[in-house]
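Peer 1: One structure follows; several queries about it will come next.
The values are calculated or read from the model by the stated rules, or taken from the named source; none is laboratory data. Since the model is a prediction, treat every value here as computed from it, not as a measurement. Backbone-built Cβ (ideal geometry, glycine too); neighbour counts: all protein chains shown. Accessible surface areas use protein heavy atoms only, side chains included; no ligands, DNA or RNA. Shrake-Rupley method; radii C 1.70, N 1.55, O 1.52, S 1.80 Å.
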Amino acid sequence: DKTTVTCPQTPNPLNPGAFITCTATYVVTQADLDAGSVTNIASAGAMYGTTPVTSPPDTVNVPADQNPALTLVKSTTTTNYDSVGDTINYSYVATNSGNVTLYPPYSVADDKTTVTCDQTPAPLAPGASFNCTATYVVTQNDINNGSVTNIAKATAMDAPTGGPTTPGPVDSNEDTVTVPAVQGPGLSLDKSTTTLNYDSVGDIISYSYKVTNSGNVPLTPPYSVTDDKTTVTCPQTPNPLNPGAFITCTATYVVTQADLDAGSVTNIASAGAMYGTTPVTSPP
């Protein structure tokens, strides 16, 4: 019932107890692999005079070596990131790398984001692929950590939903992608005074220094301001000083006769903090 059989026509006659050997070949199909075996039924025929003589049927079953498998390749076109809210775009290609057909639902589990998968082609023949996509929004922790690494795994089913066989999951390998952060420590200084002018030796000029983390990574103490005219006092909290946060340092200066003679007091300051073991200094 599966193939065409070739039989020798000798000996003639075929005496009681004698036999002939017939042969056939059958080419396996994808349906045979999916079914798990090939079973075929045969019966032999000869003649007794003008009367056909037919054997009882005989059956042979050959099992398939089924190897369901799924291979995932994950990628991104995002080369790096440097700001909170940056978006990393991910692509996932899951290929049926086994020898049996797979079925929806198709999915990818990613430890950092939710993935959307095409549900076609359905079914998924060996060698065919389905595609998925996802995005991830960068957080401050991702910048602090220096990179985002995430792990993903694809899944398809080994039987169709609603069929005679209960579907079971076929999982892919885990694939990992790492996107590096561009870490840019920075510090800015805004110096001001409420003292509009002076007219006497001993007058006091009060200074305020707003020291802001203008980079994209946290900075740590010691916080300082170096001023060419006076000594500046800086708080050492908060620790760390997160991007966008600031501290306010203060100082005073006592006017001298030379300042009155010069007509003004101009001073130059720059702020400092640490990024790990690296000093960070503001522009003056």
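Peer 1: Scanning for something at pLDDT 95 or above, in contact with a strand residue (DSSP E or B) (Cβ under 9 Å, 6 or more places away or on another chain) and more than 30 Å from Pro167 (Cα to Cα), does the range 27-34 turn up at least one residue?
Peer 2: For the range 27-34, residues at pLDDT 95 or above, in contact with a strand residue (DSSP E or B) (Cβ under 9 Å, 6 or more places away or on another chain) and more than 30 Å from Pro167 (Cα to Cα): absent.
Peer 1: Now for a different question. Can you list residue pairs whose Cβ atoms sit under 7 Å apart, with the first residue in the range 49-69 being within 18 Å of Thr3 (Cα to Cα) and the second being open to solvent by 80 Å² or more (accessible area, probe 1.4 Å)? Count only pairs 6 or more apart in sequence or on different chains.
Peer 2: Qualifying pairs under 7 Å: Pro57/Ile41; Thr59/Ile41.
Peer 1: Consider only pairs whose beta carbons are under 6 Å apart and that are at least six residues apart or on different chains; among these, list those whose first residue lies in the range 209-234 and is closer than 18 Å to Met274 by Cα and whose second residue is aliphatic (A, V, I, L, M) and part of a loop (DSSP other than H, G, I, E, B).
Peer 2: Asn213/Ala245; Val225/Val232
Peer 1: Still on this structure, please answer the following. Against the conditions (1) surrounded by 10 or more Cβ atoms within 10 Å (Cβ to Cβ); (2) at negative phi; (3) out of contact with any Leu (no Cβ under 9 Å at 6 or more places or on another chain), where does Gly36 fall short? Just the number, please.
Peer 2: Result: Gly36 fails condition (2) only.
Peer 1: State whether the residues of the range 92-104 include one that is in contact with a Ser or Thr (Cβ under 9 Å, 6 or more places away or on another chain) and loosely packed, with under 15 Cβ neighbours inside 10 Å.
Peer 2: There is no residue in the range 92-104 that is in contact with a Ser or Thr (Cβ under 9 Å, 6 or more places away or on another chain) and loosely packed, with under 15 Cβ neighbours inside 10 Å.
Peer 1: Checking the conditions here, which among Ser208, Ser172 is closer than 29 Å to Asn141 by Cβ and in a strand (DSSP E or B)?
Peer 2: Step by step, each of Ser208, Ser172 is checked, and only Ser172 is closer than 29 Å to Asn141 by Cβ and in a strand (DSSP E or B).
Peer 1: In addition: Which of the numbered conditions does Val225 fail, given that it passes all the others? Conditions: (1) over 42 Å from the mean Cα position of the chain (by Cα); (2) on the phi > 0 side of the Ramachandran plot.
Peer 2: (2)
Peer 1: Could you list all residues from the range 93-144 that are in a strand (DSSP E or B) and free of Cβ contacts under 8 Å to residues at least 40 places away in the same chain?
Peer 2: Selection gives Val93, Thr95, Thr114, Thr116, Cys117, Leu124, Ser129, Phe130.
Peer 1: While we're here: Of (1) within 30 Å of Thr178 (Cα to Cα); (2) surrounded by fewer than 11 Cβ atoms within 10 Å (Cβ to Cβ); (3) of a type in the set (D, E, K, R), Asp58 satisfies all except one. Which?
Peer 2: Among (1) within 30 Å of Thr178 (Cα to Cα); (2) surrounded by fewer than 11 Cβ atoms within 10 Å (Cβ to Cβ); (3) of a type in the set (D, E, K, R), the lone unmet condition for Asp58 is (1).
Peer 1: Right, next: Taking the condition of being assigned to a loop (DSSP other than H, G, I, E, B) and over 13 Å from Thr101 (Cα atoms), how many residues in the range 145-160 meet it?
Peer 2: Within the range 145-160, residues that are assigned to a loop (DSSP other than H, G, I, E, B) and over 13 Å from Thr101 (Cα atoms) number 1.
Peer 1: Here's a check for you: in the range 192-218, which residue that is over 26 Å from Asp259 (Cβ atoms) and of a type in the set (Ser, Thr, Tyr) is least open to solvent (accessible area, probe 1.4 Å)?
Peer 2: Thr212
Peer 1: Does the range 41-48 contain any residue that is open to solvent by less than 80 Å² (accessible area, probe 1.4 Å), out of contact with any Asp or Glu (no Cβ under 8 Å at 6 or more places or on another chain) and not small (Gly, Ala, Ser)?
Peer 2: No: the range 41-48 contains no residue that is open to solvent by less than 80 Å² (accessible area, probe 1.4 Å), out of contact with any Asp or Glu (no Cβ under 8 Å at 6 or more places or on another chain) and not small (Gly, Ala, Ser).
Peer 1: Right, next: Restricting attention to the range 181-191, which residues are surrounded by 14 or more Cβ atoms within 10 Å (Cβ to Cβ) and in a strand (DSSP E or B)?
Peer 2: Answer for the range 181-191, where residues must be surrounded by 14 or more Cβ atoms within 10 Å (Cβ to Cβ) and in a strand (DSSP E or B): Ala181, Leu187, Ser188, Leu189, Lys191.
Peer 1: Please find, among Asp158, Asp171, Asp175, Asp142, the residue that is open to solvent by less than 30 Å² (accessible area, probe 1.4 Å) and charged (D, E, K, R).
Peer 2: Asp142
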